[in-house]
1. Which value in deg cm²/dmol, rounded to the nearest 500, describes the helix-derived mean residue ellipticity at 222 nm for chain B, given -39,500 (n - 2.57) per DSSP H run of n ≥ 4 and division by the residue count?
2. If amide hydrogens are placed 1.01 Å from N in the peptide plane, which non-local residues have theirs closer than 5 Å to the one on A:SER3?
3. Under the definition of Cα pairs under 8 Å and six or more residues apart, what whole-number percent is the relative contact order of chain A?
4. Can you report the principal axis dimensions of the protein assembly as shown using only the alpha carbons, biggest first, rounded to whole angstrom?
5. To the nearest 20 Debye, how big is the dipole of chain A about its Cα centre, given +1 on the beta carbon of each Lys and Arg and -1 on that of each Asp and Glu?
6. Using a 10 Å cut-off around each Cβ of peptide A:118-125, what is the average number of partner chain Cβ atoms that fall inside?
7. Around A:ASN84, which amide H atoms from residues at least 5 apart in sequence, or from another chain, sit under 5 Å from its own amide H, with H modelled in the peptide plane?
8. Taking beta carbons within 10 Å but only from partner chains, what does the mean come to for residues A:48-61?
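Every read-out reported here was derived from the displayed coordinates using simple, explicitly stated rules and does not represent laboratory data. What you see is a predicted model; the values in this text were computed from it and never measured. Don't worry about glycine lacking a Cβ; one is built from the backbone with ideal geometry, like all the others, and counts go over all protein chains shown.
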Amino acid sequence: MISIQQNDFNVGDEYAALVANDTAAGAVVTFVGRVRDLNLAREVQGLQLEHYPGMTEKSLQEIVAQAQSRWKILRWRIIHRIGNLYLGDNIVFVGVSSAHREDAFHSAEFLMDYLKTRAPFWKKELTADGSVWLDSQEKDQQAMQRWE
Amino acid sequence: MIKVLFFAQLREQLQCAELSVAESDAQTLAQLHEYLTGQHPLWAEFLNNEKLLMAVNQTIVKVSQVLQSGDEVAFFPPVTGG
């Protein structure tokens, strides 16, 4: 399930849902992305997260379908927050369960790499000197391309 | 009509989130781009950014894409979520 929401999420609850009544899931990988205090040598106070409603969900569904065609995934969950976020706040959750760890690790990393380069979200950083739209980063493109 | 959306930094640069264009002015994405910069000369420097992405009906497409009435077109900068 994909959720785009302003509210925070609870990692424990999400983990519990990924494994509830499923004794075939021998491996679970969860990832949480958070608002960091230092980015590209700028001291960050917070972020504004904008998205393209509708296309966000559609592009994430397509990314999940690709992951499911490459790895054996039992359950998966993606949550991305929008709106104003501050230092230490959660931004994104990706969780995958699988019988074996290889499928869970690889598919979770694939989902994050694709989310960062394909899903229409944009971050505006709030700093002491004002707000700045983030530029896309070459390292994220490279991370995505290694799956091709 | 064709619905045109702008997001993030581009929306702020153009000071416009959404507008409508008659399909006769925009038979392809390239024509729509030309029409918009013709109507709004101040937008040209922002819309001519080679890094911009374009989506039609919420799928990223190339500039040669043919448009039809009822299409939803979006222009936006490279994405930075996650």
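1. Values: 3 runs with 22 residues, N = 82.
The helix contribution divided over chain B gives -7000 deg cm²/dmol.
2. For A:SER3, the qualifying residues are A:ILE78, A:ILE79, A:HIS80.
3. Details: 267 pairs, mean separation 49.2, N = 148.
Computed over chain A, the figure is 33 percent.
4. Cα spread of the protein assembly as shown along its principal axes, largest to smallest: 61, 42, 30 Å.
5. Numbers: 16 positive and 20 negative charges, 52 e Å.
In debye, rounded to 20, chain A gives about 260.
6. Numbers: counts 4, 3, 13, 6, 11, 5, 4, 1.
Mean partner-chain Cβ count within 10 Å for A:118-125: 6.
7. Amide H neighbours of A:ASN84: A:LEU49.
8. Numbers: counts 1, 2, 7, 4, 8, 2, 4, 10, 3, 1, 4, 5, 1, 0.
Counting other chains' Cβ atoms within 10 Å and averaging over A:48-61 gives 4.
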